[in-house]
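The values are calculated or read from the model by the stated rules, or taken from the named source; none is laboratory data. Quick caveat, the model's predicted, so the values are computed rather than measured. All Cβ positions, glycine included, derive from the backbone under ideal geometry; neighbour counts span all protein chains shown. Quick note on the areas: whole protein, heavy atoms, side chains included, nothing else; ligands and nucleic acids left out. Shrake-Rupley method; radii C 1.70, N 1.55, O 1.52, S 1.80 Å.
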Amino acid sequence: MKTRQKRLFSLLAALLLAATLAAAACTPNVPEDPHVHSFSETWSWNETEHWHKATCEHTTERSGVAAHDFDSDGKCKVCDYVKPHVHVFSDDWTFDEKEHWHEAICEHTSEISDKAEHNLDSDGKCEVCGFVSIAAEFTFQLLDDGTYAVTGVTNADSATVADVPATYLGADVTVIGEEAFCYDGCEKLVHIGLPNTITKLETQALWGTEGLKKLTLPDSLQSIEQYALGASGFEEIVIPASVTELGPQIFQQSPVLRKVTFKSEDVALSDYMFWQCPSLREIVFDEGVVAVRRLQYASPFYEVESVESIYISSTVTKLFYDVMYDQSVWLNQFDRSEFKFSRYEVAEGNSAYSSDANGILYNADKTVLLHAPLKLSGEVTLPQSVETIWKEAFRNVVGLTKVILPEGLTEINRGAFESTGITELTIPDTVTKLGRDPEISDDYYWGIVKNCKNLAKLHLGAGVTAKQIDVENELLTLPALEEITVSENSVSLKSHNNELLNKEGTYLYFGNDQGEVPDGVVYIEYYAFYGNENITSVTMPSSLIRIGVSAFANCTNLKNVTLSENLEMIFSNAFEGTAIEEITFPASLRNIDNKAFKDCANLHSVIFERADHWEAVKGETLDLSDPEQNARYLTETYVDEYWGYNVFA
């Protein structure tokens, strides 16, 4: 009985399992909602390819996988990945008196490879690089003070090592004479040792020693004359603290010179000092240097474009100091256009100077911005501490696109942003001194943004006055200027539809492309619309009394002009070079200055509403009844004369 029950239960269980399996087989699969991967818009890359990485955490899927497409500079045209640079080294050996190595032929590095000591054979020749140690034999000359000068090398065609003796015939050797190692075939020299008795290197003393990879100047040295170290092969040089005289062009034509360090308390940078040194990267004014002065004749930085940094130690308190004027002259116009470097680096603890992350030079507490490096580029935000921007501080920094000036700035000196690449400039309300030259006078405005060819937007702060508006020499040098605005807090100026006027609206200083003269304007100032080729017609309000010098000169498309019925004076060259065809002078007009309508070739009709009693400056009373004749008078016959209305006739 129990056995039959067990069999029955087993049979029922089997039937139930089969039914379940059959039901499962007949039930259709219902898939889950399909997931669509999302991918980053930013490229990821390795050395061979780039891709868009999935932003989903559960997958490593990639999109847009492709090999890099490199340009000539090794940069991928798609993802901007830059191929790592692999240095290439010369097959030729370079050597000095102790070691040999292969130099990199890449211009941007001083890396070397395979450096090792010489392996000399029995004849003193290196079995690896071929260097042969041959000692130089010198000639000497007795000097007036009883010491000797080295005047030449007798075996110059073969000597490779020149260790100058400290004494000769019992007396000190103090001078390396003029051309001592020059023009005699000393190109094979790889080592020159100078003893601590040497006080002077005369003109061209070491000129042309191209094989000289290292040179240590002795602490006894006092004077280095013109060309003394030029056309040499060393990459670094230290001018010791003992040196007090540096001649002009001392490093000229040194093709691999990369770093110059000065240690003298008073460093005198001489004329053309670094001329034709294309590899120069670093200039160091080391600890112990107090004053760095320069001559006023020619720039020490002439055609120097490769320097990356100027290092100023903590002891320097007078930089680019000129003893004649007892002041820091900084880099004048000549220097600014020639000396292209990347950054100032001022050591901590300097009591006179400081620098920032952009390599800009300031005074110690950053209240005065002194000088910006010529290679500065992009947008710059100045520290909130800055109160004064020194004259020509950013001049010729063409890579500069925008400067954000701090509130609290009070003074922007002459030429501060001249010839830069800035596209917009906002002058804070706190600026009260603008465009002055602190070394000359406070009374004259010299401009701050002349020749900024990309400047499109200019906002004038509340402290800018009419005296500081120079249309002829500044605003007209801004061909991209589209928008000029004035602070609402200004008490002397206002802007209207991109025009610049005094606060009362009676003086129009700078006009817009429409040639608009607003109601209330009494005087159109000098050069207000000069050279504006967009103007075709002008209608002047009844308030207008005077039109200034060259106000519409060279507006070559200006054809139609309606003058104010109250106009009294037209100043010189006011409409010179325009396309005016006809014009009517109101009865109120009293003066027309010389050349007012010079080169107006299209002017064929001039009507005087009051034609009687007009005379040219020569005193001749004119018959002005014929409009065509009047046009010839103004443009030809009497174009150079001052016209006046004879009130006594």
Full-extension gain in nm, residue 111 to residue 534, via 0.36 nm per residue minus C-alpha separation: 146.4 nm
Residue-normalised accessible area of the range 112-171, expressed per residue, 1.4 Å probe, Å²: 57
From phi via Karplus (6.51, -1.76, 1.60), per-residue ³J(HN,Hα) for the range 527-533 in Hz, x at Gly/Pro: 6, 4, 10, 3, x, 7, 7
Cβ-defined net charge surrounding residue 287, 15 Å radius [Lys, Arg +1; Asp, Glu -1]: -4
Top positive-direction residue, dipole computed over the chain with Cβ charges, set 425, 135, 234: 425
Mean separation of Cα contacts under 8 Å, 6 or more apart, over the residue count of the range 98-151: relative contact order %: 20
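From largest accessible area down, sort 436, 590, 62; use a 1.4 Å probe on the protein chains.
Sorted descending by solvent-accessible area, the residues read 62, 590, 436.
Going from most exposed to least, what order do 546, 610 have by accessible area with a 1.4 Å probe?
Order by accessible area, largest first: 610, 546.
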Area of residue 351 that stays accessible when all protein chains are in place (1.4 Å probe, Å², to 10): 90
Cβ-based charge dipole, the chain, positive-most Cα from 204, 175, 557: 557
Net charge dipole size for the range 491-649 [Lys, Arg +1 and Asp, Glu -1 on Cβ; Debye, nearest 20]: 400
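Which peptide among 216-229, 45-58 comes first, and what is the full order, when sorted by highest mean count of other Cβ atoms within 10 Å?
The most tightly packed comes first, giving 216-229, 45-58.
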Cα-centre dipole for the chain with unit charges at Cβ (Lys and Arg positive, Asp and Glu negative), debye to 20: 3160
The range 247-284 versus the range 95-157: alpha-carbon centroid distance in Å: 23
Relative contact order computed over the chain (Cα-Cα under 8 Å; 6+ residues apart), in percent: 4
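May I ask for the net charge around residue 356, where only other residues with Cβ less than 10 Å from the Cβ of residue 356 are counted and Lys, Arg are +1 while Asp, Glu are -1?
+2
Sort 121, 114, 470 by heavy-atom solvent-accessible area, probe 1.4 angstrom, most to least.
Result, largest first: 114, 121, 470.
Given 402/467; 98/340; 53/83, which pairs have Cα atoms separated by over 30 Å?
Those over the limit are 98/340.
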The range 509-526 - phi-based ³J(HN,Hα) in whole Hz, Karplus 6.51/-1.76/1.60, Gly and Pro as x: 8, 9, x, 9, 6, 8, x, 6, 10, x, 4, x, 5, 9, 9, 8, 6, 3
Residues whose placed amide H lies under 5 Å from that of residue 382, excluding near-sequence neighbours: 404
Derived scalar couplings ³J(HN,Hα) [the range 410-415; Karplus, 6.51 cos²θ - 1.76 cosθ + 1.60; whole Hz; x for Gly, Pro]: 10, 9, 10, 7, 3, x
Amide H contacts of residue 371 (H built 1.01 Å from N, under 5 Å, at least 5 apart or other chain): 361
Listed peptides 478-487, 84-93 by packing density, highest first (mean Cβ within 10 Å): 478-487, 84-93
